[in-house]
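For reference, the structure discussed in these notes is given below.
The values are calculated or read from the model by the stated rules, or taken from the named source; none is laboratory data. This is a predicted model, so every value here is computed, not measured. Cβ placement follows ideal geometry from the backbone for every residue including glycine, while neighbour counts extend to all protein chains displayed.
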Amino acid sequence: MKRYIKLFALSSLLVLGACSEDFLENEPYTDKVTENFYKTPSDAFEGLVAVYDVLQREAYGGPLLISEQASDDCFGGYGIADGQADIEWDRFLYVSDKDMNKDVWSNAYLGIYRANILLENLDKVEWGSNIALKTRYEAEARFLRAHFHFTVAKMFGDIIPLDHTVTTSEFELPRQSPEVTYALIASDLKFAADNLNSDNYSQYGNANFGRITKWAAEAYLARTFLFYTGVYGKSDLAGVVTKSQAVTYINDVVNNSGHGLVPDFANLWLAASFENFVGEDNTEMVWAVRFNGSGKGNWDLHEGNRFQVNIAPRGGAIGKYATGWGGATVNPKLVAAYSAADTRKAASFIDYAGENLNFDAQAREQRQYTGYSWKKYCPITNAAGVSVVEANGGNFQIDNYQDYAIIRFADVLLMAAELNLESNPAVAQTDLDRVRDRAFKNTANRVTANIPNIMKERQLELALEGLRYFDLLRQGMSTMKQAIDNNTGDSQFGVTFRTETQGWFPLPQSQIILSNGTITQNPGWN
């Protein structure tokens, strides 16, 4: 059976290179199949764009929102009449929607499928003498394949790793052991790290802005190393990357990437510092999913950031903050964890009382109101109080445009501090100090570099960025339960982490059914 290819126009911010007139003059869509499509480097480039395109679907239903609701940072939130799935992510229940995690699974495997199609057809392209371009496309595609695999592996545990497009006889493949999955992830990331050049694309106007870099691959290797070795108690990354290699990779990013911290943490986030916002093409962004508002209300496109509306204030704009659905209300315990002198506190959260914002939770029908919501990623209004997105002709639900930061340089520094702790304690201390010094704008608030302090710093620095739950997971069930359990006496905020789940999320029931029993549900979710 022939596999048809859908071609995607480039977004204005996910810039992957220049398009020639040939891009508009190819054969009709209905004639484009894998057997006759991959002939020129331009064809391969279009295939690569299709892989990148899946990243923009990592919005509602994705690991960022789900994991924050499940962590100790947030509750479920949304409106009192909204569905129960968000409450169930918060409370580790699995009742109302047996397919509650289907978007995570299906989007990731769509990305894996598109990456495999491209990788399997690279040899059909007439590259001429430009073999370096072929290697680059392979490196980018393999990085993205690793990213999509890791997306599902960190949420569901054992998954089905795919290094090729499956045939009809493979439609009921079983899940594999973590060693198999992470060996593929590590090999893909290592290939990307070792074969991409040393360019840094976080510069305004760079033609390659938004593409995978060597530095992103090295940082991602460190992230997967820390997760895999922590969760599974291993000393290396599936026999592919040793700890000393992981240290070398992350130190290379710290010392040679050209990335750095912006001077003021607040300036990273539009809603925290509109006048001084440094923009998304700043040196701290090692890798981000790029969005823009060009869709102008077209629900068939995925150019805009559909995540942002979910965490914005419910029931109408308030102050400079644009309206949204009020999802994932922030746990006051997280806000209280910050020192008053920590600049990240005011920059990360909307404090309704502290900012003199009269938020009437009952009138706005806000569920699990805590007095705090997300300032990171919150859309904003203009001087007239109108959503900037709507003022520009867009739909406030789907045309928000802020990028989703997957790896910031601050995260790189904290991973480096953790990885260097045993072998290079002085380096670990310096890396941690850089993050603390920026947060407090002085050197008087430094703490000793050790695992508890580094993990605490990760929570404070990277709050609401989709990392906290997985940082807890790699510290073990006892740590997870102690952090996530919330029994304040108010039943609407009661949360009991169930250790029998081992921290994994429930698989989509539809996938279990389609597998004819080859796939079984994760423990604790039957």
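Among the candidates R434, R498, which residue alone is surrounded by 14 or more Cβ atoms within 10 Å (Cβ to Cβ), within 26 Å of G327 (Cα to Cα), at pLDDT 95 or above and within 26 Å of the chain's Cα centre (by Cα)?
On the way: R434 fails: within 26 Å of G327 (Cα to Cα).
Of the residues listed, the single one that is surrounded by 14 or more Cβ atoms within 10 Å (Cβ to Cβ), within 26 Å of G327 (Cα to Cα), at pLDDT 95 or above and within 26 Å of the chain's Cα centre (by Cα) is R498.
Can you confirm whether region 231-245 contains a residue that is touching a strand residue (DSSP E or B) at 6+ places or on another chain (Cβ under 9 Å) and among the small types (G, A, S)?
Going residue by residue through region 231-245, those that are touching a strand residue (DSSP E or B) at 6+ places or on another chain (Cβ under 9 Å) are 243, 245.
Filter once more, so that each one left must be among the small types (G, A, S): none.
Scanning region 231-245 turns up no residue that is touching a strand residue (DSSP E or B) at 6+ places or on another chain (Cβ under 9 Å) and among the small types (G, A, S).
State yes or no: is A444 surrounded by fewer than 16 Cβ atoms within 10 Å (Cβ to Cβ) and small (G, A, S)?
Values: surrounded by fewer than 16 Cβ atoms within 10 Å (Cβ to Cβ): yes; small (G, A, S): yes.
Yes: the conditions hold for A444.
Name every residue in region 258-309 that is surrounded by 16 or more Cβ atoms within 10 Å (Cβ to Cβ), of a type in the set (F, W, Y) and not in a helix (DSSP H, G or I), in order of residue number.
Matches in region 258-309: W269, F277, W287, F291, F307.
Quick one: which helices (runs of 4 or more DSSP H) sit completely within region 385-459 and have at least 2 residues that are over 22 Å from A219 (Cβ atoms) and β-branched (V, I, T)?
Working: elements: 388-391, 409-420, 425-440.
Where helices (runs of 4 or more DSSP H) fall fully within region 385-459 and carry at least 2 residues being over 22 Å from A219 (Cβ atoms) and β-branched (V, I, T), they are 388-391.
Regarding E179, is this residue among the charged types (D, E, K, R) and either in contact (Cβ under 8 Å) with a residue 24 or more places away in the chain or crowded, with 22+ Cβ neighbours inside 10 Å (or both)?
On the way: among the charged types (D, E, K, R): yes; either in contact (Cβ under 8 Å) with a residue 24 or more places away in the chain or crowded, with 22+ Cβ neighbours inside 10 Å (or both): yes.
The answer is yes for E179.
Sort through A193, A266, A222, A272 and tell me the only one that's out of contact with any strand residue (DSSP E or B) (no Cβ under 7 Å at 6 or more places or on another chain) and within 15 Å of I406 (Cβ to Cβ). Let's see the steps before the verdict.
On the way: A193 fails: within 15 Å of I406 (Cβ to Cβ); A266 fails: within 15 Å of I406 (Cβ to Cβ); A272 fails: within 15 Å of I406 (Cβ to Cβ).
Within the list A193, A266, A222, A272, the selection yields A222.
Out of region 187-217, which residues are out of contact with any Ser or Thr (no Cβ under 8 Å at 6 or more places or on another chain), free of Cβ contacts under 8 Å to residues at least 60 places away in the same chain and charged (D, E, K, R)?
D188, K190, D194
Anything in region 254-309 that is out of contact with any Leu (no Cβ under 7 Å at 6 or more places or on another chain), hydrophobic (A, V, I, L, M, F, W, C) and closer than 30 Å to A428 by Cβ? List them, or say none.
L261, F265, A266, L268, W269, A272, M285, V286, W287, A288 - these are the residues of region 254-309 that are out of contact with any Leu (no Cβ under 7 Å at 6 or more places or on another chain), hydrophobic (A, V, I, L, M, F, W, C) and closer than 30 Å to A428 by Cβ.
Just wondering, is there one or more residues in region 277-284 that are in the same structural domain as L460 (by TED's automatic domain parsing), without any contact (Cβ under 8 Å) to a residue 40 or more places away in the chain, within 25 Å of T443 (Cβ to Cβ) and β-branched (V, I, T)? Show your work before the answer.
Taking region 277-284 first, the residues in the same structural domain as L460 (by TED's automatic domain parsing) are 277-284.
Still in the running and without any contact (Cβ under 8 Å) to a residue 40 or more places away in the chain: 277-278.
From what is left, the residues that are within 25 Å of T443 (Cβ to Cβ) are 278.
Filter once more, so that each one left must be β-branched (V, I, T): 278.
Yes, region 277-284 has at least one match.
Step by step: first the residues of region 289-325, then only those that are modelled with pLDDT under 95 and small (G, A, S), then the one that is nearest to M415 (Cα to Cα). Which residue is that?
Restricting to residues being modelled with pLDDT under 95 and small (G, A, S), the top hit is G304.
Look through F225, F209 and report the one residue that is over 30 Å from I350 (Cβ atoms) and within 21 Å of the chain's Cα centre (by Cα).
Details: F209 fails: over 30 Å from I350 (Cβ atoms).
Just a single option satisfies the conditions, and that option is F225.
Taking region 327-344 as the search range and keeping residues that are of a type outside the set (S, T, Y) and part of a helix (DSSP H, G or I), which one is nearest to R364 (Cα to Cα)? Working first, answer last.
Step one: of region 327-344, the residues of a type outside the set (S, T, Y) are 327-328, 330-337, 340-342, 344.
Filter again for part of a helix (DSSP H, G or I), leaving 332-336, 344.
On the way: P332: 20, K333: 23, L334: 24, V335: 23, A336: 25, R344: 28 Å.
The selected residue is P332.
Give the residue that is surrounded by the most Cβ atoms within 10 Å (Cβ to Cβ), with candidates limited to residues of region 464-489 that are of a type in the set (D, E, K, R) and part of a loop (DSSP other than H, G, I, E, B). Step through it out loud before you land on a result.
As a first pass, look at region 464-489 and keep what is of a type in the set (D, E, K, R): 465, 468, 471, 474, 481, 485.
Restricting the remaining residues to those that are part of a loop (DSSP other than H, G, I, E, B) gives 465, 474, 485.
On the way: E465: 22, R474: 19, D485: 12.
Going through the qualifying residues, I end up with E465.
When region 191-235 is examined, which residues are found to be outside any loop (DSSP other than H, G, I, E, B) and basic (K, R)? Steps first, please.
Taking region 191-235 as the starting set, the residues that turn out to be outside any loop (DSSP other than H, G, I, E, B) are 191-195, 214-232.
Across region 191-235, the qualifying residues are K214, R223.
Answer yes or no: is there a residue in region 408-425 that is polar (S, T, N, Q), on the phi < 0 side of the Ramachandran plot and surrounded by fewer than 17 Cβ atoms within 10 Å (Cβ to Cβ). Give the derivation first.
Filtering region 408-425 for residues polar (S, T, N, Q) gives 420, 423-424.
Now restrict to residues that are on the phi < 0 side of the Ramachandran plot: 420, 423-424.
Narrowing further to those that are surrounded by fewer than 17 Cβ atoms within 10 Å (Cβ to Cβ): 423-424.
Looking through region 408-425, at least one residue is polar (S, T, N, Q), on the phi < 0 side of the Ramachandran plot and surrounded by fewer than 17 Cβ atoms within 10 Å (Cβ to Cβ).
Among (1) within 24 Å of F291 (Cα to Cα); (2) at pLDDT 95 or above, where does W89 come up short?
Exception for W89: condition (1).
Looking only at region 205-257, which residues are modelled with pLDDT under 95 and surrounded by fewer than 16 Cβ atoms within 10 Å (Cβ to Cβ)?
G205, N206, A207, N208, listed by residue number.
Look through region 344-370, keep the residues that are buried (at least 18 other Cβ atoms within 10 Å of the Cβ) and among the polar types (S, T, N, Q), and return whichever of them is nearest to Q459 (Cα to Cα).
Per the criteria, the residue is S348.
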